[in-house]
1. Kindly provide the set of residues from segment 244-268 that are crowded, with 22+ Cβ neighbours inside 10 Å and either under 12 Å from the mean Cα position of the chain (by Cα) or in a strand (DSSP E or B) (or both), ordered by number.
2. Among the candidates ARG237, ARG251, single out the residue that is at pLDDT 90 or above, within 14 Å of the ligand (Cβ to nearest atom), over 21 Å from CYS62 (Cβ atoms) and assigned by TED's automatic domain parsing to the domain that holds ILE193.
3. Quick check, is GLY225 in contact with a Ser or Thr (Cβ under 8 Å, 6 or more places away or on another chain), more than 22 Å from ASP65 (Cβ to Cβ) and not basic (Lys, Arg)?
4. Quickly run through segment 221-252 and pick out the residues that are more than 11 Å from THR192 (Cβ to Cβ) and of a type outside the set (A, V, I, L, M).
5. Among the residues of segment 95-105, write down those that are assigned to a loop (DSSP other than H, G, I, E, B) and more than 16 Å from the ligand (Cβ to nearest atom).
6. So ASN90 clears everything in (1) free of Cβ contacts under 8 Å to residues at least 60 places away in the same chain; (2) within 16 Å of the ligand (Cβ to nearest atom); (3) not β-branched (Val, Ile, Thr) except one condition, right? Which one?
7. Could you tell me whether any residue of segment 148-162 is assigned to a loop (DSSP other than H, G, I, E, B), touching a Lys or Arg at 6+ places or on another chain (Cβ under 8 Å) and among the hydrophobic types (A, V, I, L, M, F, W, C)?
8. Under 9 Å between Cβ atoms, at least 6 apart or on separate chains: pull out the pairs that start in segment 31-42 with a residue that is within 6 Å of the ligand (Cβ to nearest atom) and end on any residue that is of a type in the set (Asp, Glu).
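The values are calculated or read from the model by the stated rules, or taken from the named source; none is laboratory data. Bear in mind the structure is a predicted one, so any value in this text is a computation, not a measurement. Positions of Cβ are generated from backbone atoms using ideal geometry, with glycine treated the same way; all protein chains shown enter the neighbour counts.
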Amino acid sequence: MTDLLTLEPASRTLADVATPVGGPITLGGRQLASRYFLAPLAGYTHLSFRRVIRSLGGVGLCTTDLVQASHLVSGTRWARELVQTHPDDNPLTVQIYGGQVKHMVAAARWLEDHGYQAIDINMGCPMAKMTGSGGGARLMCDGDGACSLVGQVVNAVKLPVSVKMRLGWDRNRLTAPLLAEEFEQLGVVAITIHGRTRQQGFGGEVCLDGIRAVVEAVKKIPVVGNGDVRTADDALRMRQVTGCAAVAIGRGALLDPWIFRRIALAERGERAAADFVPTRDEQIAFLRLHFQLLVEQHGEYMSCRNFRKFAAWYGARLGIPEDLENRLRQFESVAEFDEIANAIHERHGERVEPLPTALIKVPNGPNEYW
Ligand SMILES: Cc1cc2nc3c(=O)[nH]c(=O)nc-3n(C[C@H](O)[C@H](O)[C@H](O)COP(=O)(O)O)c2cc1C
């Protein structure tokens, strides 16, 4: 198989390429207003984050954090919380994972019976607990097993089924193009492809040529490119270089929640508008709304703990002075959050960083600046 990873990442700048055609896209019969989607980030892309990010505009589709199929069916509290939704949280796809066909089929039927709109099968997660049980990226090493699982899930429900995967297990097993071709024949409605192998984890750069190979492998279904999109230009470049029909953005949306709105502006050719900076009031309102929605769903204790990990992501972009970012990592109550948000409002802009970065945890890997 071609060693795509030795190819240089695309180095063309946006000035060299035409802006790809944007606008709505149809995916498995669903008409989506934008072709820029929120990628699932376990622990982050829960209901409150999806609602607040949608409120800023420009998001075509959100997917839930990955949910273990067997837990969804047996009804564990955690799994059921992960699929909680709201009328604002639309259009939505639920992502399931698991190595056993019977669990995946049962979970797909459960989702259909409970009124969900679409199912995504996770075939990209590099984490050991998942790959050890045969789910996640491990499925990419077993073509027959992966096809059997996908085919049985597709046949079990009327809902559209998509698959999210990586380029392959490692550079010697770049199975994504072949699998994508087979999945299309089995009736999968879209493929999301993160342009890294499982072995790469989250290291190195995303390989746009690898994504393009998947685009070229399928006949009709949309391919959603994914990986390392931090700006509107990155998103447009990914579409231009790979030919993918849509782009999924994960960490870039944590680092810049306005990224979808910027892309919409850039697509309309409003280049200057793509650099727009939300006002102080908009930034603080975003922060407050996210926390408020979290509290509505999970109550005070859990919400304070959950929100703390967003501090690193939001800090620089929302102009949060470092000592207040530090307090956001430790706060204990709604009252304390209000106090910190008021202080951020007063001292907004004290912190000046040209390019926001965040110290983050990625699954199965070291903390990395991203
Ligand atoms: C903290 C974290 C959690 C993730 N959780 C999921 C998940 O639940 N399901 C999934 O398919 N991918 C998951 N991913 C992978 C992302 O969806 C995405 O493929 C990857 O981060 C590359 O895209 P990005 O550079 O836009 O973040 C996760 C990634 C991170 C960093």
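1. ALA246, VAL247, ALA248, ILE249, GLY252, ALA253, LEU254, listed by residue number.
2. Values: ARG251 fails: over 21 Å from CYS62 (Cβ atoms).
From the options ARG237, ARG251, the qualifying one is ARG237.
3. Working: in contact with a Ser or Thr (Cβ under 8 Å, 6 or more places away or on another chain): yes; more than 22 Å from ASP65 (Cβ to Cβ): no; not basic (Lys, Arg): yes.
Against the criterion (in contact with a Ser or Thr (Cβ under 8 Å, 6 or more places away or on another chain), more than 22 Å from ASP65 (Cβ to Cβ) and not basic (Lys, Arg)), GLY225 does not qualify.
4. ASP228, ARG230, THR231, ASP233, ASP234, ARG237, ARG239, GLN240, THR242, GLY243, ARG251, GLY252
5. Selection gives GLN100 alone.
6. Of everything listed in (1) free of Cβ contacts under 8 Å to residues at least 60 places away in the same chain; (2) within 16 Å of the ligand (Cβ to nearest atom); (3) not β-branched (Val, Ile, Thr), ASN90 misses just condition (2).
7. First pass over segment 148-162, keeping only residues assigned to a loop (DSSP other than H, G, I, E, B): 157-160.
Checking the rest, the ones that are also touching a Lys or Arg at 6+ places or on another chain (Cβ under 8 Å) come to 157, 160.
If we keep only those that are among the hydrophobic types (A, V, I, L, M, F, W, C) too, we end up with 157.
Scanning segment 148-162 turns up at least one residue that is assigned to a loop (DSSP other than H, G, I, E, B), touching a Lys or Arg at 6+ places or on another chain (Cβ under 8 Å) and among the hydrophobic types (A, V, I, L, M, F, W, C).
8. Final answer for the pair search is PRO40/ASP65; PRO40/ASP120; LEU41/ASP65; ALA42/ASP65.
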